[in-house]
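Notes follow once the structure below has been shown.
The values are calculated or read from the model by the stated rules, or taken from the named source; none is laboratory data. Note that the structure is a prediction, hence the values are computed from the model and not measured. Quick reminder, even Gly has a Cβ in these numbers, built from the backbone with ideal geometry, and neighbours come from all protein chains shown. Please note that ligands, DNA and RNA were not included when accessible areas were found on the heavy atoms of the full protein model with its side chains. Shrake-Rupley method; radii C 1.70, N 1.55, O 1.52, S 1.80 Å.
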Amino acid sequence: MKTIITGAGGLVGGVLSRRFADSDGDVLALRRADLDVTDAAAVERLILMERPSLVVNCAVLGVDECERDPARARAINANAPRALAESANEVGAWFLHFSTNYVFDGEREGPYTEEDEPRPLSIYGSTKAEGEHAALAANPRCVVVRTSWVFGAGKRSFLSTAHSELLAGRRVRAIRDTWASVTYVEDLARRVEEILALCVGGLFHVVNEGVCTYEEFAREAARLVGLDKEEAAPLIETVTESEMRRAAMRPRYTPLRSVASAQLGLAPLRDWREALADYVTNHKI
Ligand SMILES: NC(=O)c1ccc[n+]([C@@H]2O[C@H](COP(=O)([O-])OP(=O)(O)OC[C@H]3O[C@@H](n4cnc5c(N)ncnc54)[C@H](OP(=O)(O)O)[C@@H]3O)[C@@H](O)[C@H]2O)c1
């Protein structure tokens with residue numbers, strides 16, 4: 001089975017490329033320099049030539065960059081998944097695409113399931129919602145996985161580096177008034193493999209169990225690297241989302257839950273604290 005992965009230089013794309021290569025070997029892991037997903041002609045040419053059985057799209061334009069460049073946001077987050085899904089369909093391939101909790105506005109209590117209607121607050125959220133819809137419409141063998149606050153080795157982000165920063169005695173700024181599900185990229189990848197093995201298309205939420213703020217995440221990371229509360233306190237500066245003055249609005253409360261996975265007999269993923277403990281144990285530096 002041949003697999004093409006786009007956006008392979010990123011967090012999710014990197015992990016999936018490694019895991020797929022480990023399990024079946026025939027993987028074309030493409031970074032942006034190898035394939036620009038906004039070049040629909042190049043996308044079609046490559047897929048028709050390679051004739052994969054699975055195309056995985058991990059390319060994305062980040063949350064704040066989308067506000068600064070809405071045309072690029074739409075090209076990468078909405079038009080590219082449509083073109084990839086269409087070309088995959090031409091060769092009878094499955095198409096796997098990723099989306100986000102930021103398709104929701106977070107104004108409601110309780111977790112969001114696949115049955116809830118998107119109400120995005122940002123250009124990132126609206127272009128991602130458009131991309132999901134376009135991909136599902138373009139290919140009957142399409143899986144869209146919505147995930148949230150992903151952490152793991154290979155990305156310099158707050159969630160991925162908080163534990164090593166704290167261990168090194170460096171201060172972190174942690175937001176205290178925004179809640180979401182968090183997801184360990186290795187758990188995400190494993191669940192994606194399970195969904196693909198079932199050959200069932202559609203929309204799936206994939207996150208670790210539980211919900212937290214960045215502040216709670218940082219405090220747990222500090223505990224896991226052996227800092228007690230007194231040692232951690234001066235290292236964790238808490239701020240509000242508005243104090244961060246970021247370009248894009250973030251939803252306030254967007255935990256995800258999956259009814260679609262439950263219907264397939266897939267149990268919820270482990271709690272985020274357990275997943276974080278695993279990550280910290282394996283990536284101390
Ligand atoms: N990380 C999270 O917290 C999170 C949360 C929810 C959903 N997701 C979803 O998960 C998926 C993967 O996210 P990620 O965190 O792995 O992203 P990432 O680490 O930012 O990686 C994205 C990759 O896309 C590449 N890219 C950008 N524009 C491209 C283009 N025109 N053509 C080809 N490649 C391009 C980037 O290359 P350059 O580095 O060269 O620009 C980068 O390697 C996305 O669909 C995202 O919406 C992620």
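Quick look at the values:
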{"item": "Qualifying positions in region 187-207 - surrounded by fewer than 16 Cβ atoms within 10 Å (Cβ to Cβ) and not β-branched (Val, Ile, Thr)", "result": "190, 193, 194, 197, 198, 199, 202"}
{"item": "Residue 30 without any contact (Cβ under 8 Å) to a residue 40 or more places away in the chain and either under 23 Å from the mean Cα position of the chain (by Cα) or within 7 Å of the ligand (Cβ to nearest atom) (or both)", "result": "yes"}
{"item": "Unique match (being over 17 Å from residue 135 (Cβ atoms), touching a residue at least 40 places away in the same chain (Cβ under 8 Å) and open to solvent by less than 70 Å² (accessible area, probe 1.4 Å)) among 63, 91, 43", "result": "63"}
{"item": "Which listed residue, of 172, 206, 143, is away from the ligand (no atom under 13 Å from the Cβ), among the β-branched types (Val, Ile, Thr) and in contact with a strand residue (DSSP E or B) (Cβ under 9 Å, 6 or more places away or on another chain)", "result": "172"}
{"item": "Sole residue being outside any loop (DSSP other than H, G, I, E, B), open to solvent by less than 20 Å² (accessible area, probe 1.4 Å), closer than 30 Å to residue 277 by Cα and at pLDDT 95 or above, chosen from 166, 84", "result": "166"}
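Table: residues versus (1) part of a loop (DSSP other than H, G, I, E, B); (2) in contact (Cβ under 8 Å) with a residue 40 or more places away in the chain; (3) not small (Gly, Ala, Ser).
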position	(1), (2), (3)
186	no, yes, yes
191	no, yes, yes
216	no, no, yes
230	no, no, yes
233	no, no, no
237	no, yes, yes
247	yes, yes, no
